[in-house]
Every structure is written in C-alpha cells, then in structure tokens.
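The values are calculated or read from the model by the stated rules, or taken from the named source; none is laboratory data. Only a predicted model underlies this, so the values are computations on that prediction, with no experimental measurement involved. Cβ sites come from the backbone with ideal geometry, for glycine too, and all protein chains shown count toward neighbours. The accessibility values were calculated without ligands, DNA or RNA, using every heavy atom of the protein model including side chains. Shrake-Rupley method; radii C 1.70, N 1.55, O 1.52, S 1.80 Å.
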Amino acid sequence: MTLQAIRYHRGNLEILDQLLLPDTTHYFSIQNANEGWAAIKKMQVRGAPAIAIVGCLSLAVELANTEITTLALLKELVEEKLDHLVTARPTAVNMADSAARGKALVRQLAKTKEYEPEEAKLMVIKEFEGMLEKDIEVNRNMGRFGAQHILQHYSKTPVNVITHCNTGSLATAGYGTALGVMRHLHENKMLKHVYCTETRPYNQGSRLTAYELVHEEMEASLICDSMVAACMKEKKIHAVIVGADRVVANGDTANKIGTYQIAVVAKYHNVPFYVACPSTTFDPSMGTGKEIIIEQRPHNEMTSIKGIKIAAEINCWNPGFDVTPAELITGGIITEFGVFKPCEIKEKLEKIK
Ligand code: MRU
C-alpha cells in the first residue's frame with residue numbers, strides 16, 4: 001500500500017506530520033482553515049499539490065461544521081479563508097490556483113442565488129473534495145506519459161534516474177509527480193536505480209523520498225546534494241526527473257532549492273532533465289522566472305537539525321526554491337496531457353484547458 005499523507009472524510013481531516021518522519025508516523029486532526037494554514041506554514045504538509053489539497057480541505061472541514069445562513073456570508077467566509085491560505089507558502093502556485101477556482105465558484109453562487117445557502121455550501125465542499133481523486137488520476141497520467149517519453153527517447157532498457165526533493169505520495173494526494181514517473185517505470189520493470197538527493201537544508205530527500213523509495217521497494221541510493229556531478233560522471237544516468245512549484249509562460253520553473261544546479265550539471269553531462277507537474281502548477285500570468293517570488297525560510301533550518309546545532313553562529317541565506325531556466329529543461333515538462341517542450345507549454349496548455 002502506498003503512503004497516505006492525507007486522510008479525509010466529510011467534516012474530518014487528518015494529515016501525516018511530515019516533520020516527524022521517518023521515525024514517527026503520527027496523524028493529527030485539522031479542524032479549520034487557520035489550522036490548515038499553520039500546518040502548511042510549518043511544513044507538516046508540503047509539496048505543491050498537497051499544500052493546495054490540505055488548504056482547501058481544511059476549509060471544507062470548517063464549512064461542514066459551520067452553519068451558513070446567507071450566500072453573502074458563504075462568499076465572504078470562503079474568499080477570506082482562501083486568500084489567507086494562499087499566504088502560507090508564496091512560491092508554489094497550486095494553492096493560489098485552487099483559491100481562484102473556489103472564489104469563482106462562490107461568486108457565481110452568490111450572484112445567481114439559485115441555491116439555498118446550505119446547498120451552496122455543499123457545492124463548495126464537494127468542489128474541494130474532488131481535488132483528492134482528481135490529483136491521483138492526474139498523477140497516474142503524468143507517470144505514464146513521462147515513463148513512455150523516457151523509454152521512447154533515451155533508453156530501451158531499465159533506467160537509472162536522479163531525483164531531488166520529495167514529489168511522491170507525501171507531496172500529493174497519492175502516486176506522485178516526478179516520483180509517479182519512477183513508480184510507473186518500476187511497475188513496468190523499467191526502473192533500475194533511483195539516486196535521490198538529501199535535499200538540504202530541510203532534507204525532504206533523505207527524510208521523505210528515501211522513506212517512500214524503501215517503502216515501495218524501488219532500488220535506490222541516497223546521495224548528498226554535493227554528489228550529483230560525480231554521480232552523473234560515474235554512473236550511467238538516463239534522466240533527471242524533478243517536480244515543480246511554479247512553471248511560468250516561457251517554461252522557466254521554480255522548484256526546491258538545488259534543482260537549478262542539478263539542471264546545469266545535467267546539461268554538461270548530456271543527461272535529459274525533466275520536470276513533472278500537473279497543469280495546475282502552470283502560471284501563465286508570469287512571463288519569465290524573474291517574476292517568481294522565492295520563499296525565504298528561517299535560518300535555523302540550516303543551522304540545526306531536529307534541535308541539534310550543526311553550524312557556527314553565522315548569518316544564513318536560505319531561499320526555499322530556485323528557478324531553472326527553460327533552456328535547461330532538455331527532456332521536457334511532463335503533464336497529465338503529455339510531455340511538452342518548455343517553449344511550447346503555454347500554447348499547448350491553453351489549447352487543452
Ligand atoms: O518546500 P517543499 O518541501 O514544499 O518543496 C517541495 C518541492 O519543491 C517539490 O519538488 C514540488 O512541490 C513538487 S511536489 C509534487
């Protein structure tokens with residue numbers, strides 16, 4: 001059974017505390033949107049798709065347990081809570097995308113006055129609930145398209161891949177984005193070995209991806225972030241596959257800090273570099289990566305691990321993400337609709353969506 005980061009039934013949301021993994025498996029309950037915001041901010045749940053799902057479901061739980069007497073009240077509450085949820089993590093666009101959909105729905109419901117307040121509330125709840133199933137379906141499609149592309153273009157035999165950060169069941173509703181591609185390759189006996197980076201400073205690779213790879217019984221090795229170039233030189237790496245937090249109109253892509261340097265090294269070694277993300281990670285409102293706001297994280301994430309100091313008293317620079325220029329995404333951008341070149345992503349997705 002795959003790991004489950006999010007447990008939900010109407011009126012009840014529990015999430016796996018990812019800060020305690022891999023040592024402790026602890027689910028805790030989220031009762032409302034403010035608690036959802038806090039869990040996202042603290043990174044008890046993280047990963048662009050999971051952030052959006054937990055944010056919206058935390059509001060669904062709050063709505064299920066709140067009596068709504070007027071449509072105006074529903075609109076005001078949903079708009080205010082969604083706007084707040086978007087502020088928890090600024091770089092990943094998925095929460096903002098879901099918030100825009102949720103707000104459009106309540107505005108429409110308040111304008112048309114076709115439904116009673118409680119009926120309208122239920123429609124909003126159902127809209128948020130749909131995200132769970134949809135995300136898994138989208139991930140499965142990405143997995144299939146990505147695996148097919150790699151096998152068609154780069155290898156007829158089982159592949160070795162490098163991945164960064166965590167993009168699996170813990171970062172999504174299940175299956176995963178980049179890890180979903182590896183999962184599909186594995187299910188079809190076409191995955192030889194995964195090299196996963198530690199992903200300093202917050203170690204999503206060593207704490208979470210390594211845990212998922214072991215759980216799924218994929219052949220894998222953990223490497224430090226500083227070993228990527230040596231790994232590409234020494235091992236036969238067929239592809240790098242990473243996730244994304246925001247892909248903008250020209251294909252520039254924000255993802256976990258360290259992604260950019262892996263893309264540079266991949267280009268040097270002629271290894272195809274893939275980004276796997278749902279179309280909800282695409283943000284056509286920004287022209288280039290220069291416009292993306294990069295979240296700055298607290299210094300103590302670099303200077304200590306689980307409360308133990310590992311650095312001298314020194315100032316730190318701790319951006320949570322970096323931007324990989326489109327030209328370095330040489331394999332392509334894997335979406336639920338197919339694999340696209342970064343330069344064609346805008347046109348393709350605009351035609352489909
Ligand atoms: O800071 P995090 O752990 O939320 O960063 C996560 C990543 O950068 C992932 O690669 C990205 O969100 C894709 S998750 C499917």
Would you check which residues across segment 7-42 are open to solvent by 10 Å² or more (accessible area, probe 1.4 Å) and among the hydrophobic types (A, V, I, L, M, F, W, C) and list them? LEU19, LEU20, PHE28, TRP37, ALA38
What is the number of the single condition among (1) away from the ligand (no atom under 16 Å from the Cβ); (2) open to solvent by less than 50 Å² (accessible area, probe 1.4 Å); (3) among the hydrophobic types (A, V, I, L, M, F, W, C) that ALA104 does not meet? (2)
Inside segment 336-353, can you point out the residues that are under 25 Å from TYR268 (Cα atoms) and surrounded by 18 or more Cβ atoms within 10 Å (Cβ to Cβ)? VAL339, PHE340, PRO342, ILE345
Segment 258-284 residues that are under 17 Å from GLY168 (Cβ atoms) and at pLDDT below 95, paired with ones that are of a type in the set (A, V, I, L, M) and away from the ligand (no atom under 16 Å from the Cβ) (beta carbon under 8 Å, 6 or more apart): none
Pull up segment 266-281, narrow it to residues that are within 13 Å of the ligand (Cβ to nearest atom) and not in a helix (DSSP H, G or I), then point me to the one that is nearest to VAL323 (Cα to Cα). VAL275
Give ASP97, ASP83 a once-over and let me know the one that is closer than 16 Å to MET131 by Cα, open to solvent by 10 Å² or more (accessible area, probe 1.4 Å) and part of a helix (DSSP H, G or I). ASP97
Given the conditions (1) over 13 Å from PHE128 (Cα atoms); (2) more than 14 Å from the ligand (Cβ to nearest atom); (3) not aromatic (Phe, Trp, Tyr); (4) not in a loop (DSSP other than H, G, I, E, B), and given that PRO22 satisfies all but one, which numbered condition is not satisfied? (4)
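Give the residue that is farthest from ASN270 (Cα to Cα), with candidates limited to residues of segment 309-327 that are outside any loop (DSSP other than H, G, I, E, B) and acidic (Asp, Glu).
ASP322
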Please list, ordered by first then second residue, the pairs with beta carbon atoms under 9 Å, 6 or more apart or interchain, first in segment 16-40 and modelled with pLDDT of 95 or more, second hydroxyl-bearing (Ser, Thr, Tyr) and surrounded by fewer than 18 Cβ atoms within 10 Å (Cβ to Cβ). LEU16/THR25; LEU16/TYR27; ASP17/THR24; ASP17/THR25; ASP17/TYR27; ASN32/THR66; GLU35/SER29; TRP37/THR87
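Being farther than 27 Å from ALA254 by Cα and not in a loop (DSSP other than H, G, I, E, B) is the filter here; which residues of segment 47-70 pass it?
ALA60, VAL61, GLU62, LEU63, ALA64
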Selection from segment 294-313 of residues within 15 Å of the ligand (Cβ to nearest atom) and touching a helix residue (DSSP H, G or I) at 6+ places or on another chain (Cβ under 7 Å) yields none
Unique residue being at pLDDT below 95, of a type in the set (D, E, K, R) and open to solvent by 10 Å² or more (accessible area, probe 1.4 Å) when the list is GLU313, GLU327: GLU313
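Of all helices (runs of 4 or more DSSP H) completely enclosed by segment 130-249, which ones contain at least 3 residues that are free of Cβ contacts under 8 Å to residues at least 40 places away in the same chain and open to solvent by 10 Å² or more (accessible area, probe 1.4 Å)?
228-234
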